[in-house]
Amino acid sequence: MTVSLSGKEVARKIEEQFPGSVAESSQDTLVVRADFLLDVARFLRDTEGLELDFLNFVTAVDYYDHFEVVYLLSSMKHNHSLTVKVRRYGRENPVLPSVVGLWQGADFQEREIFDLFGIRFEGHPDMKRIFLWDGFQGYPLRKDFV
Amino acid sequence: MAVKTEPFVLNMGPVHPSTHGVFRMRATLDGEVVVDIEPVFGYLHRGIEKLAEQRTYTGVIPLTDRLDYISSMSNNLAYCLAVEKLAGIKVPERAEYIRVIMAELQRIAALLIAVGAFLNDCGAYFTPFLYMFRERERIVDLFEMASGQRLTYNYMRAGGVSQDLPEEFMPALRKFMDMMPRYMDEYDRLLMQNEILIARAKGVGILTAEQAINCSASGPVLRASGVKWDVRKADPYSIYDHFDFDVPIQQTGDCYDRYRQRVEEMRQSLRIIQQAMEQLPSGPVKAEVPHLIRPPAGEAYARLEAPKGELGFYLVSDNAIAPYRCHIRPPSLINLTALRDMVRGWKVADLIIIFGSIDITVGEIDR
Amino acid sequence: MATGELGIYNLVKFQAIPPDWPGGFWWHWLFFTVVVIGFVLTMVMGVIYIERRGMGRMQSRLGPNRTGPFGLLQPVADAIKVLLKENIVPVAADKIVHWLAPVVAFAPALMIFAVIPFANGALLADLNIGILYVVAISSVSTVGIFMAGWGSSNKYSLLGAMRNVAAVVSYEIPLVLAVVGVVLIAGSLSLNQIVVAQEIPFILLQPLGFLLFFIAGCAEINRSPFDLMEADSEIVAGFHTEYSGMKFAMFYLVEYAEAVAISAIITTLFLGGWQGPLLPPWLWFVVKLLLVFFAMVWTRTTLPRIRIDQLMAFAWKFLLPMSLLNLFITALQVLAGWPTQLIWAMIIVNFAVMALMILIWSRFFFRLGWGKIEI
């Protein structure tokens, strides 16, 4: 069975390395601040005992006042998983760092989030729309898109 | 002194005999050698994720059929698993066994198409493709007996399956299981040792294990690269822990290994179906769930081992009758992340073969 | 018996009237022209039917069986359909080249039949350089195909056409060398003489030559497993992507007419042409031709396609050395007088040599794979 790592445990480990990076943590989830995302992600991928080298998916949810980008990470070796979230308040031009450098699997998925939600990812090699055509106005999966 | 050449862009457009659907690739070629490719998606984008927010939880099931339309049972099952996890619904035993039988039959049917299409891309002019279709016809007939449909079944429900198996299903399934092993051996003999196929596919488009894990590849693509990771064993869902089956892996991760991997997985599916058939209990096939399911607020991610890879549904609910957010983790799209690195340096003919061996369905990529 | 000698072509002597032909030179010419054209067109229709029905049955499906009894009128239906279609020419195409290409590709296929004997002495022109003429003419089709690829101004077509030129150039040499073995034994280049000289069919005396000619012939006419020139699943339709209507029909005809031509040449060179008991000679010829064609359909349905660099490697590294060795051994045998004296020894030795050479060469010297090019 894939063990779902406890958010609180991992939060403690992360706080030791990068103080102030964890915004919220509970049994199931872990919310990280956007500026610390890349460091925390590298830490999660490379530390002994965590080694979360497989990115299951990246997606975004629109909660009216903030966007939440969800990452599900797994480890092939230890067979455990962890859900990491990043929140972005405000709907104008949201920007987040991209994790393509760490997990190449995020490539098309981050483009999809940009296409359907409008969240830009800095550091992505090819940030442009993926499903809709280039001149499309608006971001369909937002709650205020009819 | 080298001859000065100039690369040109060849557009393998959305309408092409071998791009497995409306998929477009812009390949930069230097003569016959591929320098770079750029996949262009979106020709089948229907906005399923947005549509799901406006349908009831049960009303999303027909939408999920149309994702990977050649393996609809798996899509239905993945979504139902997510809803059950979210709402805390317990599935009766007979329903679990029926689900497993359907899912494994669907796996065989989808892998048959994958193998047939791959051999077709290699140039064996439809012959293996049509042989595979002969068996797929029998499976599809079984599905038609159970659900009334041949392609988009809409069979699973949150809490079980929509209706019980008719009486003629089990005898027909037994007959199918009796004759299938002979055909599996025939597929092995057909082209596995053919020298032309080995020359075309061995060593071509190698995906190493580290690359595969980094690119989040899953399913037969990952296992052919040597990583022993199968969601049915690593994170068992439904009642897969009751069955005894192996997870085959291959060593190199070239096209030939992916082809071999799919044939081996078909064999394991037959084993599972045999065991499920023998252990099938009687009882209700659907839990008592209200017509309009209203799960408590929260989120859930359920995944299963679809024929193409790890198919997952991430559902967020806010205690309404429609999902707040339904995200589909598409195995085909994510497996394609590795395509660019696999293809550089090979020729146009190899590009088609490598692309065929990853085995995509555009309905799942574009959603 | 008058022989005609035309000026600068006095090197090419042809028999103007066969021994028992009434009417004279021009009647002979007219009759055989009609026979050749009629034969080619009818055989192409029959051959298309055999291919579609045969492939269908081998793929465990029925094949066309609606038009006419057993689907026999299917090629007729195809021809009518294709004639009625709109003739689309791409705007950026080179009009003259685009228009001429099917003609240039089709004419040589017909011209090959001028020297193939249907019965003893029954051929349009009994050239004493028969087989050399055939080899020369069959290369001209390639020019037509390249014109088609170039004139379409389409990258797919150009790719297909260039592949075709590369393949034809590579396979020309083993083809010709396989023929030379037969010529040595028969002692003449004229096809009629070659058939007359076959007391036992040359396939027994030249098994390796037969195989080489069959393979190289399949490659010359773009048939599977060498059909990457029009590979459906890669470059849409290769050089004839941009053709529709009657011009497409011409290319379709070219493909099958060349297949019939190669089968006819194989029958003439290796299987004893029109010889055989009981049935009239031309019927034997047709039966043997259809058998060879059926073998081609069989390989098409069964084998996957090989890649362009593997194709050329196969021609230069496998077929060429084999054909040279074959020629060498045949020449030694002819010098020693085996074809007339020790015929059974020759058969056994040649079969053994073929089996041995194929085994040794494919195991030790030649591998079909290729590698990745570093970008």
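Using only C-alpha positions, report the orientation-averaged shadow area of the convex hull of chain B, nm², one decimal.
Orientation-averaged projected area of the Cα hull: 18.6 nm².
Shape of the protein assembly as shown from its Cα gyration tensor (a ≥ b ≥ c, root eigenvalues): rounded if a/c is under 1.5, otherwise prolate when a/b > b/c, or oblate?
prolate
Taking a threshold of 19 Å on the Cα-Cα distance, which of the pairs A:Lys8/B:Lys90; B:Lys233/B:Lys308; C:Lys247/C:Lys288; B:Lys50/B:Lys286 fall above it?
Pairs exceeding the cut-off: A:Lys8/B:Lys90; C:Lys247/C:Lys288; B:Lys50/B:Lys286.
Quick one: compute a quarter of the convex hull surface over the Cα atoms of the range C:82-363 and quote it in nm².
About 15.4 nm², averaged over all directions.
Of the chymotrypsin sites (Phe, Trp or Tyr not before Pro) in the range A:98-146, which ones lie in a loop per DSSP and count no more than 14 other C-beta atoms within 10 Å?
A:Trp133, A:Phe136, A:Phe145
Restricting attention to the alpha-carbon atoms of the range B:256-367, what are Rg (one decimal) and Dmax (integer), both in Å?
Calculated on Cα positions, Rg and Dmax stand at 19.6, 58 Å.
So how do A:Asp53, A:Asp46 line up by other beta-carbon neighbours within 10 Å, fewest first?
Going from sparsest to densest Cβ surroundings: A:Asp46, A:Asp53.
Sort B:Met179, B:Met145 so that the residue with the fewest other Cβ atoms within 10 Å of its own Cβ comes first and the one with the most comes last.
So the residues, fewest neighbours to most, are B:Met179, B:Met145.
Loop only per DSSP, at most 16 neighbouring Cβ atoms within 10 Å: give me the trypsin sites (Lys or Arg not before Pro) in the range B:119-170, ordered by residue number.
For trypsin sites (Lys or Arg not before Pro) across the range B:119-170 that sit outside H, G, I, E and B with at most 16 neighbouring Cβ atoms in 10 Å, the list reads B:Arg150.
Please state, rounded to one decimal and in Å, the Kirkwood hydrodynamic radius that chain A gives when every pair of distinct Cα atoms enters the mean of 1/r.
15.7
R0 = 41 Å: FRET efficiency of B:Gln279 with B:Gln54, Cβ-based, nearest 0.05?
Approximately 0.55, to the nearest 0.05.
What trypsin sites (Lys or Arg not before Pro) in the range B:5-46 are in a loop by DSSP, with at most 14 other Cβ atoms within 10 Å of the Cβ?
For trypsin sites (Lys or Arg not before Pro) across the range B:5-46 that sit outside H, G, I, E and B with at most 14 neighbouring Cβ atoms in 10 Å, the list reads B:Arg46.
Among B:Tyr259, B:Asn214, B:Tyr240, which residue has its Cα furthest toward the positive end of the charge dipole of the range B:201-264, with +1 on Lys/Arg Cβ and -1 on Asp/Glu Cβ?
Of the options given, the answer is B:Tyr259.
Which angle between 0 and 90 degrees, to the nearest 10, do you get for helix B:255-279 versus the longest principal axis of chain B when only C-alpha atoms count?
For B:255-279 against chain B, the angle is about 20 degrees.
Find how much the distance from A:Thr47 to A:Phe145 grows on full extension, using 0.36 nm per residue of separation minus their present alpha carbon separation; answer in nm with one decimal.
Taking 0.36 nm per residue and subtracting the Cα distance, the gain is 31.2 nm.
Laboratory data are not the source of any read-out in this text; all were calculated from the coordinates shown. Here the structure is a predicted model, which is why all the values come from computation and not from measurement. FYI the Cβ positions are ideal-geometry reconstructions off the backbone, even for glycines, and counts take in every protein chain you see.
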